[in-house]
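The values are calculated or read from the model by the stated rules, or taken from the named source; none is laboratory data. Please read all numbers here as calculations on a predicted model, not as lab measurements. Using ideal geometry, Cβ is built from the backbone for each residue, glycine included, and neighbour counts are taken over all protein chains shown.
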Amino acid sequence: MSSQARGLQNFISDLRNAKSKEEEQKRVDKELANIRKKFTATGKQLAEDGSNNSLNSYSRKKYVWKLVYIHVLGYDVDFGHAEVLALVRSTKYSEKHVGYTALSLLLRGDDPMMNSILNTIRKDLTTLGPTSAKNNAPTTDTAQSLALCSIANITGLELIQTLHSEVQHTLMAKSSTPCVKKKAALCLLRLVRTSPKLVSGKEFVAQMAQLLQDKHLGVLTSSMSLLYGLATQNPSEYQSLIPYAVHILGLLVLKKACAREYLYYRTPSPWLQIKLLKFLQLYPQILSTGQENDGQDQSIAQLVSVVSKILTETDVSDSINKSNADHAVLFEAVNLIVTWGSSGPAQLREGAMKLLGKFISVREPNIRYLGLLTMAKLAQLEGTADSIKKHQATVLVSLKDADISVRRRALDLLFVMCDTDNAERIVDELVAHLVLADAAIREEMVLKIAILAEKYATDLRWYVDTILKLISISGDHVSDAIWHRVVQIVTNHPQGDLQAYTAATLLVAASPRRCHETAVRVAAYVLGEFGFLVAERPGMSGEEQFRILHQHWATSDATTRAILVSTYAKLANLYEECRPLVAPVFARCKNSVDVEIQQRSAEYAAMREAFSPEAVEDLLREMPPFEDKKQSALEQRLREKEGEDSAAVAKAIRPSAAQRQRQQQSQAAARAAEEVAAQQAAEQNARNDPISPISDGSPGAGPLDRPTVGIPKDVIPAMRKAFSNLCTSPSGVLFENSLLQVGVKHEYVGAQGRISVFFGNLSKAPLLHFRAVVDDQDHLKIQKQGTQGLLDDSDDGGCTVAVRTQAKLLLLVEVTAPFDDAPAMRVIFETEEGELHEYPLRLPIVATCFMEPVTLEPGAFMQRWRSLEGQDRECQEVVKAPPNVPAIDEEYMKRIANIITDGLKFGRCQGCDPTPWTVSGAATFRTGSKDANGNNINVGCLVRVEANPQAGAFRVTTRTLHPLCSKAVKNVALVSIKLA
Amino acid sequence: MAISFLLMVNKQGQTRLSSYYEWISLIERNALESEIIRKCLSRSEFQCSFVEYRGYKVVYRRYASLFFIVGTKLSKDGNDNPENELGLLEFIHNLVETMDKWAGSICELDIMYSLELIHFLLDEMVQNGHIVESNKMNVLRPLDLMERESQKAESIYR
């Protein structure tokens, strides 16, 4: 340390003694002024290059060092570059040294100053032999080393690319000492990084091979850095060098052949081993495509034995340094096994798994951290999921570790190991932990929980609940992308009651005075879209919805307010009572400073006057389903955060089983809808009556070789009438001919019904093998009881119905879903003559049987009527009054009204019918299915009959929440009106 | 796969030595250094030696009042493996041992006062963000030569 300048030491001492940052700054400023003065040399001529040649070597070095020191302290140094360059040009080594060091620290590669120094560097690089003959020190390489070191360290270097041929030459020259070679290798790497085209793999691979045979471990170490850098850019060109790398690795690991100075705590150069293993990781396929030649085969066998030796013989030793060095190599070997994947030996994979399992529960934090990190990589391999899941409990413990780094890794691993089986547990654990987690990790956790919950939700309601929990625990970290995704998913899954559930849940979540703004946003959006689904529930009417949302208005920011304004417009459109509440909000917001809010409220307020009601309806209709983008916004965020190749991203883009299932469900639903449509079209063509008493049941039950007698043609008109009558009356005759009379009595309570069917023998002889076959229906749960044998659907089964007696069939039904047809019943019997009869009939169990009248106020009726307009929720048909009846008068309309109230079991809504020519009614279709809360699922139905007395026609319109209900109610209404 | 920066910072957060192997502007350097040291200081010795911060994996080791901090870029573009963490950890120790061998037991003051020699030593061990030499003898030989030569009045090293 004798080379130290006295002034520099004093300066450093002064800085060290500085009491405050201000004092330090003052001292630095003083020094900078002093140096500037020295460098500008008042009154004297400056040298050509701008340096002050009156400075002696000692002071120039001293001042430049001071500048370097000031720069390292974090102060800007924008002068003195000329002096630095003067030092570089110097022939004295000590000056050159300071010059080069300052050069690499102070200057950027693209600094214009660099141009002037280029030639000096080139000269230093190529000059061999001592600059001073009388020295016996190894001076040949000193200037070279300095130049190389400086080139390699100067950042952002474009100019020095011109020097690359000199660097490459220096690297390969026989005369270069190892010291120069190792620096040249890294220097070249620097140049290649800056512009990859400098070195062509085909030509350079031979030179590289030569370098890899060097005996000097320092040269090998830096050559491996160079090789790794080159090979990452183009792996295939350097594949032929694998045997060299394996050979070196073999020497180090198997033979422990290593110079003593390169042993680090008895481990042969761990850094070289790491570099070799990293290089080999660039070739994940070598184990599966290794049969090209014998040499390759041999080295692969050697590689496997090296890896397994590292795996089995690494031990914890007394010295932490030795242990660390060995484990560094071990983890690198495990990384190599991971890149091999399933093409590697299974034994190695299992060994690695076992070791990692041990590591994640050790006390040493570094090893635990790396164990978790590496296990997350291993988890990406096929077939490791089960063995990793065994450690789930341990990983969950690590999630509560005191160390944030360890927690992060545990979170990462949990994310990767999550699948449909353990998703609920892992997500619940994560949510529970989120409460305690500190800010640094929360955002990451929230994002990952959101992705997992979406990916592995078997029930989407759980997903919605989870996101709501996230908002309430850590709302600030729930980004817009997360709640946008909720909206997207809820909109795209109309099946089940997800939409109503979400609307109800969010309404409850937004009820408290204080709730997170994100909750307000998502609640506002969802209620605007699906609020009407829950509007009939207590405390959730449109007015309530408005009240609950509007309490947050004062505390909301502009974005939230803009969403709220749109929601208000939708509420006002649906519920008349909301309009007076919403109008003042719009009026106030017309003057809002925020352009978006101003525009929205002005437009919404003006809309009603400017457009027809239909156009307004159209404008405020709910959003169409979102396009199902392949990559969700959340995954994109994760990608941004973690980088392309992280285990987590790979995990996120793979669709989970639950996601696939959901997709299939929606596809199946779409298919089913198509099928239903096609079937309905076919049926429409087949018969012109909306509901036929004759089922199209196949006669397949009867033996084919015997002729069967069907329903006689002449009784069909009577049957139609009887069937239609029965649909709206509790008892009657369903079928009658010379042999058989079928009578029906039916009564209903809520979703349940009790139907008795009587089969009376009208003939003179007993009916043999008498059977009645009622097929099971998807939408009805049917319990059957009957006269013994009646239900036995085989050729010699059935019962005998004696003359003038009856067989009885009792059906107990419960409806589970909306439907629009009537269950089929086949009646099969033989006469004494052996004639086989088969009558395909339908039972008059139609949708209106399960209606319960609802009495609505006119306002409420109209509001719902409007909310249900359009799409498939509405059915409309015009029917002519039968030709033989008197003209339509008020008396006639009363009959129609009776049909609606008594027959269809609708509640008449008198207030909505100002003229006698309309009849409006409301009812609830009761089903026995339960929703998530255990309540029965019901469908609200509205019907309206409008008469046109002049034309003698009626228009029947039905609007319900369910397309099938609309259709069914319309059909029954039509046939009933025809009979009236 | 490379070291992005190497710092020696004391407990008060004063940087005693910094060496960057990628260009970071001065303002960013200051912010980075002070935030990293704050993070390191807040960690107990029972916690692991790795911190993830702003796209860097930071490996640190504490010797008395001095932190040795090595930062390496986390992978972003997919083909750049991060450095081996334990390897860096032991490299720091190797660096400290090398300095010890050169100046007895190294302390913060040594690093402050013999800045140029520490830089020289570091350049012998790390170049361009890669480890060049782990052999203490090889690292110290040029330093030794330089010191011996500077004693002589008429040497070119003067």
(request) Taking B:Glu22 as meeting all but one of (1) facing chain A (nearest Cβ under 9 Å); (2) touching a residue at least 40 places away in the same chain (Cβ under 8 Å); (3) surrounded by 16 or more Cβ atoms within 10 Å (Cβ to Cβ); (4) not in a helix (DSSP H, G or I), write down the number of the exception. (result) (3)
(request) Could you please let me know if A:Tyr283 is within 14 Å of chain B (Cβ to nearest Cβ) and over 21 Å from B:Thr98 (Cα atoms)? (result) yes
(request) Could you tell me whether any residue of the stretch A:191-201 is assigned to a loop (DSSP other than H, G, I, E, B), away from chain B (no Cβ under 13 Å), in contact with a helix residue (DSSP H, G or I) (Cβ under 6 Å, 6 or more places away or on another chain) and hydrophobic (A, V, I, L, M, F, W, C)? (result) yes
(message) Cβ-Cβ distance below 8 Å, separation of 6 or more or different chains: which pairs start in the stretch A:594-615 with a residue that is free of Cβ contacts under 8 Å to residues at least 12 places away in the same chain and of a type in the set (A, V, I, L, M, F, W, C) and end on one that is surrounded by fewer than 16 Cβ atoms within 10 Å (Cβ to Cβ) and assigned to a helix (DSSP H, G or I)?
(response) A:Phe611/A:Leu619
(request) Tell me which residues, restricted to the stretch A:328-357, are closer than 23 Å to B:Val59 by Cα and in contact with an Asp or Glu (Cβ under 7 Å, 6 or more places away or on another chain). (result) A:Ala328
(message) Can you report the number of residues in the stretch A:202-228 which are among the aliphatic types (A, V, I, L, M), more than 14 Å from chain B (Cβ to nearest Cβ) and under 12 Å from A:Met172 (Cβ atoms)?
(response) 3
(message) Please verify whether A:Ala951 is of a type in the set (A, V, I, L, M, F, W, C) and surrounded by 18 or more Cβ atoms within 10 Å (Cβ to Cβ), treating the condition exactly as stated.
(response) no
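For every residue, the table says whether it meets (1) within 14 Å of another protein chain (Cβ to nearest Cβ); (2) touching a Leu at 6+ places or on another chain (Cβ under 6 Å).
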| residue | (1), (2) |
| --- | --- |
| A:Leu372 | yes, yes |
| A:Lys390 | no, no |
| A:Val397 | no, no |
| A:Ser405 | yes, no |
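Quick check on B:Val58: is it closer than 25 Å to A:Ser405 by Cα, without any contact (Cβ under 8 Å) to a residue 40 or more places away in the chain and more than 7 Å from chain A (Cβ to nearest Cβ)? Explain how you work it out, then say what you get.
Numbers: closer than 25 Å to A:Ser405 by Cα: yes; without any contact (Cβ under 8 Å) to a residue 40 or more places away in the chain: yes; more than 7 Å from chain A (Cβ to nearest Cβ): yes.
Spelling it out, B:Val58 is indeed closer than 25 Å to A:Ser405 by Cα, without any contact (Cβ under 8 Å) to a residue 40 or more places away in the chain and more than 7 Å from chain A (Cβ to nearest Cβ).
Look at B:Ile3 and say whether it is more than 16 Å from A:Ala328 (Cβ to Cβ), buried (at least 19 other Cβ atoms within 10 Å of the Cβ), more than 8 Å from chain A (Cβ to nearest Cβ) and of a type in the set (Val, Ile, Thr).
Numbers: more than 16 Å from A:Ala328 (Cβ to Cβ): no; buried (at least 19 other Cβ atoms within 10 Å of the Cβ): yes; more than 8 Å from chain A (Cβ to nearest Cβ): yes; of a type in the set (Val, Ile, Thr): yes.
Spelling it out, it is not the case that B:Ile3 is more than 16 Å from A:Ala328 (Cβ to Cβ), buried (at least 19 other Cβ atoms within 10 Å of the Cβ), more than 8 Å from chain A (Cβ to nearest Cβ) and of a type in the set (Val, Ile, Thr).
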(message) Can you tell me which of (1) in contact (Cβ under 8 Å) with a residue 24 or more places away in the chain; (2) more than 25 Å from A:Pro284 (Cβ to Cβ); (3) in a helix (DSSP H, G or I) is the one A:Asp214 doesn't meet?
(response) (3)
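Among the residues of the stretch B:44-55, which ones are at the interface with another protein chain (Cβ under 7 Å from one of its Cβ atoms), more than 16 Å from B:His93 (Cβ to Cβ), surrounded by 13 or more Cβ atoms within 10 Å (Cβ to Cβ) and not acidic (Asp, Glu)? First the steps, then the outcome.
First, pick out the residues of the stretch B:44-55 that are at the interface with another protein chain (Cβ under 7 Å from one of its Cβ atoms): B:46-52.
Now drop any that are not more than 16 Å from B:His93 (Cβ to Cβ), which leaves B:46-47, B:51-52.
Those still in the list that are surrounded by 13 or more Cβ atoms within 10 Å (Cβ to Cβ) too: B:47, B:51-52.
Within the stretch B:44-55, B:Gln47, B:Val51 qualify.
At pLDDT 85 or above, within 14 Å of chain B (Cβ to nearest Cβ) and over 24 Å from the mean Cα position of the chain (by Cα): does that describe A:Ile337? Can you show your working first?
Numbers: at pLDDT 85 or above: yes; within 14 Å of chain B (Cβ to nearest Cβ): no; over 24 Å from the mean Cα position of the chain (by Cα): yes.
Considered against the rule, which asks whether it is at pLDDT 85 or above, within 14 Å of chain B (Cβ to nearest Cβ) and over 24 Å from the mean Cα position of the chain (by Cα), A:Ile337 comes out as no.
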(request) Hey, could you check the stretch B:37-49 for residues that are touching a residue at least 24 places away in the same chain (Cβ under 8 Å) and over 13 Å from A:Ser405 (Cβ atoms) and say which is nearest to the chain's Cα centre (by Cα)? (result) B:Ile37
(message) Take the conditions more than 19 Å from B:Arg43 (Cβ to Cβ) and either surrounded by fewer than 22 Cβ atoms within 10 Å (Cβ to Cβ) or of a type in the set (Phe, Trp, Tyr) (or both) and apply them to A:Ala423. Does it pass?
(response) yes
(message) Looking at A:Tyr839 and the list (1) over 21 Å from A:Gly921 (Cβ atoms); (2) surrounded by fewer than 24 Cβ atoms within 10 Å (Cβ to Cβ); (3) hydroxyl-bearing (Ser, Thr, Tyr), which single condition is not satisfied?
(response) (2)
(request) Please find, within the stretch B:119-138, the residue that is surrounded by the most Cβ atoms within 10 Å (Cβ to Cβ) out of those that are at the interface with chain A (Cβ under 7 Å from one of its Cβ atoms) and under 14 Å from B:Ile3 (Cα atoms). (result) B:Asn128
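Would you check if A:Leu414 is over 22 Å from A:Pro268 (Cα atoms), touching a helix residue (DSSP H, G or I) at 6+ places or on another chain (Cβ under 8 Å), aliphatic (A, V, I, L, M) and buried (at least 22 other Cβ atoms within 10 Å of the Cβ)? Write out each step before concluding.
On the way: over 22 Å from A:Pro268 (Cα atoms): yes; touching a helix residue (DSSP H, G or I) at 6+ places or on another chain (Cβ under 8 Å): yes; aliphatic (A, V, I, L, M): yes; buried (at least 22 other Cβ atoms within 10 Å of the Cβ): yes.
Yes, satisfied.
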(message) So, in the stretch B:107-116, exactly how many residues are assigned to a helix (DSSP H, G or I) and within 7 Å of another protein chain (Cβ to nearest Cβ)?
(response) 4
(request) Quickly run through the stretch A:943-955 and pick out the residues that are under 15 Å from A:Arg895 (Cβ atoms) and either in contact with a helix residue (DSSP H, G or I) (Cβ under 8 Å, 6 or more places away or on another chain) or in a strand (DSSP E or B) (or both). (result) A:Val945, A:Ala947, A:Phe954
(message) So, in the stretch A:954-974, how many residues would count as being surrounded by fewer than 17 Cβ atoms within 10 Å (Cβ to Cβ) and of a type in the set (Gly, Ala, Ser)?
(response) 0
(message) Looking only at the stretch A:790-806, filter to residues that are in a strand (DSSP E or B) and touching a Gly at 6+ places or on another chain (Cβ under 7 Å); which one of those is nearest to A:Phe758 (Cα to Cα)?
(response) A:Gln806
